[in-house]
1. Rolling a 1.4 angstrom probe over the protein heavy atoms, how many square angstrom per residue are accessible across the chain?
2. Given a 1.4 Å probe and heavy atoms of the protein chains only, how would you sort His29, His188, largest accessible area at the top?
3. What fraction of the Cα pairs in region 374-436, stated in percent, has a spacing above 17 angstrom?
4. Along each of its three principal axes, how wide is the spread of alpha-carbon positions in region 12-96, in whole angstrom units, largest first?
5. Show me, for region 297-305, the HN-Hα J-couplings you get by feeding each phi into the Karplus relation (A = 6.51, B = -1.76, C = 1.60, θ = phi - 60°), rounded to Hz, glycine and proline as x.
6. Provide the solvent-accessible area of Glu153, counting protein heavy atoms only and rolling a 1.4 Å probe, rounded to the nearest 10 Å².
7. Summarise the accessible area of the chain (1.4 Å probe, protein heavy atoms) by the percent that is carbon and sulfur.
8. Starting from the Cα of Lys284, draw a straight line to each of the aspartates and glutamates and keep only those under 15 Å, dropping any in the same chain fewer than 8 residues away.
Amino acid sequence: MYSNEKINPLAFSLTTIVLIAFDVYKATHASFTWDESCSYLHYVNQGVIDIISYRHTDAANNHILNTLLMKLSEYFLGNSELALRLPNILSHILYLIFTFKLFDRYSNKLFIPFFILANANPYLIDFFSLARGYGLAIGLMSTGLYCYCRYLENKKLKNHVFSLLFIGFAALANLALLNVFLIMILVHNIFQFIIDRHPLSFKNLLRTNKINGIIAILFSIIFYHPVQTIIKDKLIIVGGTNGFWNDTVSSLLYSSAYYAPDEKIIVVCWQIFIIAFFILFVFKCLKYIKERNRINLTQKIALFFGMIISFIVLGTMVQQQLFGTPFLMGRFALFIYPLFIFMSCFLVSDVWSSAYKYTGGAFLFLLSGVFFVHTCFALNTSWYYEWRYMSIIDAKKMLTELNQDRPKTGPTISLGAIWIFEPIINFYRVTLHLDWLKEIESDGIQYDNDYFFITRSDLDGIQQNEAEIMHYYPATENYLVKHLRNNSFKLGGDELPVVSATGMNRPKYNANNKPKSLEERNNKRPAVSAAGIFTFSVNIKAANQKYVCADLSQNNLVVANRDDASAWETFIIVNLENNKCAIRSFNFRFLCPELNHQNEITATRDKIAGWETFTLVKLDSNYVAFKAANEKYLSVDEKSFQLFARSDSIGRKERFELIIK
């Protein structure tokens, strides 16, 4: 009969080989995403000091440690997708090693189900083959947490020092972990003066926090400029305002469900699981504090993880109330998942009884088996959950085919693409050394482009003699189109040097009236009119003066909770007949009211049909109202910030301002 000493390392080794092989394959074959491309194009080429200080940063997309490691990896290994994503793959090895060490050392008999629960999450696995800071942060955080568990075991100062250093570096990869760093210091003091009952005096307080203070000062110097820049320029625009449960927990659960057919059932089961374990934690916490000197190491570890999560919840609620900081959602809150799993596992380990070991063991293996099966079915090698609609765009394949079709002599050619493709195509233009291709402009398709990379809804407006379809990409319904120079694009009116949402209807080119500046270009845009304006990319501002957004981290709910407008807050209005229109979000999904629920608006539909159309009602100036197919007007709920189609008349909440891009 095999012992755990042999089975556990074998299970760990096999799991590590399979998962790292998967990471390498996906990192090699999956297209670079929007965020990765932006990081490479805008930050990796900066100097080290500029990267750390956020000196030339206009968005919180610069994950400092990730950017530095991408720069280092590019220097030694080049700029292939695998090379740039390699730091996160190595971080996955780190996470696997220290989850193995944590469970094998402190809960040896239950190692296998615990190890599966900590690793069988397709959403978590995604971030270990991406060039983003989230995977790095989780790998470093798990290392720091293990070091502190070792400190609880042997009280060696070096373990406490290593724990703070690793958590600090994790915060350099994901600034959201700054809270964890500060909470670690607080929890350390609770263990010293409450759990271990060391005398509380000013002298002891200084002695206990001497190392904490030195390390905190060190990281404060590093974080000062990035945090100051983020606060001053209001770079944190992603998050929720509906509460920790509705925003942080729900977004994590839906993301972890990973588009499963029965995702709502999965989420409800998860919610019950979370509530049950927090009730258990509160009960055990009261017992631990009461018995203090009699609690064992397993109980201390469970208390350690439980206190971290509890203070994270409390801290984010306080920050939201005092400073208006949004609640973390989706990938920004992903580090909470392993923390909760660690807490739950050690609570189970504490209450584990030999009298119920067969019943409890059967339940644990069933639960871990469900996690394992769900992960196996959800994993894929071509796209990522958070960037599904961008990562399945095979820009590399498109550029290869464009290279084959283009004239091999003559000047460089221009490719027109809507803004969502711009950084991805430019990334491959740089890394593949496509000198024959001009840089893609962020302001969309221009009338003098040689080729166009467009969506199906753009193609519908092109007359047959205006362009030639070169290639079709069925996964995303994109087309590579060649501009036929013997024909002109016309729109029967003034020149509009922006892309048409319903098609490639372009003005007749005239060198004499071509706009010479952005200011002149903006002046040539027409005012809002119900008849013919809607051939534009727009930002939509609701009655609460917040921008509307299709939020992937909230299961594609359409919400109005953003102070600033960027990619997620951009929509394409597709002009239909009789004042009808469809609204396409940045993820290429059309807005639709969910009539089977509460008529909430989501961005989930692939094609335009009856329920994806809205009647446009022109109001004053640039204000409009939208009537959905259920004959109800869209309105914003000022408590939840969600958009619903359930108003019978037009009032203040039904007014939306269209800001033409």
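The values are calculated or read from the model by the stated rules, or taken from the named source; none is laboratory data. Computed from a predicted structure; not experimentally measured. Note that each Cβ is placed from the backbone with ideal geometry, even for glycine, and that neighbours are counted across all protein chains shown. These area figures cover heavy atoms from the full protein model, side chains too; ligands, DNA and RNA do not enter into them. Shrake-Rupley method; radii C 1.70, N 1.55, O 1.52, S 1.80 Å.
1. Numbers: 28900 Å² over 661 residues.
For the chain, the solvent-accessible area averages 44 Å² per residue.
2. Result, largest first: His29, His188.
3. Tail of the P(r) past 17 Å holds 49 percent of the pairs.
4. Result, largest extent first: 44, 24, 23 Å.
5. Coupling constants for region 297-305: 5, 4, 5, 5, 5, 4, 5, 4, 5 Hz.
6. The accessible area comes out at roughly 70 Å².
7. About 59 percent, which is the carbon plus sulfur part of the accessible surface.
8. In chain and number order, the partners are Asp350.
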